[in-house]
1. Can LEU49 be described as outside any helix (DSSP H, G or I) and not aromatic (Phe, Trp, Tyr)?
2. For the subset of the range 14-43 comprising residues that are crowded, with 19+ Cβ neighbours inside 10 Å and either touching a residue at least 40 places away in the same chain (Cβ under 8 Å) or outside any strand (DSSP E or B) (or both), which member is farthest from the chain's Cα centre (by Cα)?
3. Exactly one of these conditions fails for ALA62: (1) farther than 27 Å from GLU111 by Cβ; (2) out of contact with any Leu (no Cβ under 6 Å at 6 or more places or on another chain); (3) among the hydrophobic types (A, V, I, L, M, F, W, C). Give me its number.
4. Out of everything in the range 73-123 that is modelled with pLDDT of 85 or more and among the small types (Gly, Ala, Ser), what residue ends up being surrounded by the most Cβ atoms within 10 Å (Cβ to Cβ)?
5. If I ask for residues that are assigned to a loop (DSSP other than H, G, I, E, B) and free of Cβ contacts under 8 Å to residues at least 24 places away in the same chain, which ones from the range 1-13 would you list?
6. Applying the selection to the range 1-13, what residues are under 15 Å from LYS79 (Cα atoms) and under 12 Å from the mean Cα position of the chain (by Cα)?
7. For residues that are part of a loop (DSSP other than H, G, I, E, B) and either of a type in the set (A, V, I, L, M) or crowded, with 18+ Cβ neighbours inside 10 Å (or both), tally how many sit in the range 52-67.
8. Condition first: of a type in the set (Asp, Glu) and farther than 14 Å from PRO55 by Cα. Now tell me which residues in the range 1-44 satisfy that.
Amino acid sequence: MIEHELDRERAVLYLRPKSALSAEDFAELAGEVDPFLEQTHGALAGIVLEVASFPGWDSLSALMAHLRFVRDHHRRVRKVAVVTDSALGDLAERLASHFVAAKIRHFRADELDAARRWVLERN
């Protein structure tokens, strides 16, 4: 399950995974994000991902849905802030930056406000 909130005014998607990710999670995210992107003909300023530890996927179809979501949206996201004290943050920053167009930066869990500010910066 992924708790999410789309700040339409600032074009920021906030994600908080709470349990193993499902294919339905990504269908729900696309159902909210895609119409916004179509209406604005634009991009998301960023995604702020708050995660204590990576919860994994509940099935192979969930993994595939996750990969499709990233493939279909990464060119329309300027920045991704990964907010976590887990080693996942450093790994995500180094590894994902090779596969997605967005700038990715890791923030410690106590730096949520800094992550939000960074996503909104225009550079």
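1. Working: outside any helix (DSSP H, G or I): yes; not aromatic (Phe, Trp, Tyr): yes.
Yes.
2. ALA23
3. (2)
4. As a first pass, look at the range 73-123 and keep what is modelled with pLDDT of 85 or more: 73, 75-85, 103-121.
Filter again for among the small types (Gly, Ala, Ser), leaving 81, 109, 114-115.
Numbers: ALA81: 27, ALA109: 14, ALA114: 14, ALA115: 23.
Among those that are modelled with pLDDT of 85 or more and among the small types (Gly, Ala, Ser), it is ALA81.
5. First, pick out the residues of the range 1-13 that are assigned to a loop (DSSP other than H, G, I, E, B): 1, 8-11.
GLU9 - this is the single residue of the range 1-13 that is assigned to a loop (DSSP other than H, G, I, E, B) and free of Cβ contacts under 8 Å to residues at least 24 places away in the same chain.
6. From the range 1-13, those under 15 Å from LYS79 (Cα atoms) are 6-7, 10-13; that's our starting set.
Across the range 1-13, the qualifying residues are LEU6, VAL12, LEU13.
7. 1
8. GLU5, ASP7, GLU9, GLU24, GLU28, GLU32, ASP34, GLU38
The values are calculated or read from the model by the stated rules, or taken from the named source; none is laboratory data. Computed from a predicted model, the values in this text were never measured in an experiment. Using ideal geometry, Cβ is built from the backbone for each residue, glycine included, and neighbour counts are taken over all protein chains shown.
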